[in-house]
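Heads up, the thing below is written out as structure tokens.
Read-outs throughout are calculated quantities, based only on the coordinates presented, and are distinct from any laboratory measurement. Computed from a predicted model, the values in this text were never measured in an experiment. Note that each Cβ is placed from the backbone with ideal geometry, even for glycine, and that neighbours are counted across all protein chains shown.
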């Protein structure tokens, strides 16, 4: 805790002990009218949003391809030099089937040409500090030949209604060089996703 905060708290304590009233909104501070609390925008005990930057991706779509499995990857590149926090992630499909979430630790840009980068899908419409920067996180789509059920992280999501159903029950931190992949476990089905990712600073 900084010395400024310590000095402020000591001054408040001394004022109370001296019988001096402190006012908040014209009313004396009490248990029913406490001083306002500063919100440091922390998502967890050790991490904090970097200047309030929250990126929104209203829609990512991978159209169905015959005999192929539609997939979407969101990745935090090593060069970002920040953590990526998954704040919200939903998915829906063009037909009642299953969507699964799997994790990748391989940069999709180094994979075969199966993966295609989708640019401009993240917007900073939700950020408190608006700027013209390009989102540091990457989005890729692919039509995969096969799936590996051993890598599946969670239970099924079978939503067909935009903006879909949650495919991750809680927020998750992705370090530099890691990300995740959404897959539709039925071939030739269009996969859609909505995502919110926050920049995390140490």
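Quick check on packing: order 75-83, 188-196 by the mean number of other C-beta atoms within 10 Å, highest mean leading.
188-196, 75-83
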message = At R0 = 35 Å, how high is the FRET efficiency between residue 65 and residue 166 if r is their beta carbon distance? Nearest 0.05 is fine.
response = 0.85
